Amino acid sequence: MLLQNKVAVIYGAGGSIGGAIARAYAREGAQVFLSGRAQANVDAVAQGIRASGGSAETAVVDALDEAAVNAFADKVAAQAGRIDISCNVIGVGDVQRPLMDLSVDEFVQPIVNLMRTQFITGKAAARHMLEHGGGVIVQFGGGGPQTVAGIGGFK
């Protein structure tokens, strides 16, 4: 069990990628704290983890809200004693439409969201990791081969 006795926080845990990461971390022995914007989605992931014998807690957290992320990280650290892994895989609000129909604000939205949330979640975790000698911060930026010619947007 590679992550035995480790505490992992996953932002965007209710999505397909976040859920898969949460299940893998739990399968490897981590105590996972799942967050997302939809309680039902993170609860479904947590229920599956618990059914497989893992430990999972859930919370509704908007990873773009610095105060909410700090409060969540503080709560996790107080409850679990530390944070070893912080993983951010939130959806960034990419707008996929024909380039000529996009506004500048729509085009830069995912870039701003990605940078903001990576900074906020990374900083919140680092405060607690430094107290315990370190940790791992995982940030996901998206990807995939599904880029369509003529469509504006950001990958």
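The values are calculated or read from the model by the stated rules, or taken from the named source; none is laboratory data. Quantities reported herein were computed from a predicted structural model and do not represent experimental measurements. Just the protein is used for accessible areas: all its heavy atoms, side chains included, with ligands, DNA and RNA removed. Shrake-Rupley method; radii C 1.70, N 1.55, O 1.52, S 1.80 Å.
Here are a few things to note about the model shown:
- Relative contact order of region 1-104, taken over Cα pairs closer than 8 Å and 6 or more residues apart, is 31 percent.
- Residue by residue, region 98-106 carries 3J(HN,Hα) couplings of x, 3, 5, 9, 8, 8, 4, 4, 5 Hz when phi is fed to the Karplus relation 6.51 cos²θ - 1.76 cosθ + 1.60 (θ = phi - 60°); x denotes Gly or Pro.
- Euclidean distance between Cα centres, region 56-96 to region 117-140, Å: 10 Å
- Protein-only accessible surface at a 1.4 angstrom probe places the residues V112, V69 in the order V112, V69, largest first.
- Distant-in-sequence amide H partners of F33 (H built 1.01 Å from N, under 5 Å): A8, V9, I10, E57
- Quarter the surface of the alpha carbon convex hull of region 7-152 and you get the mean projected area, 9.2 square nanometres.
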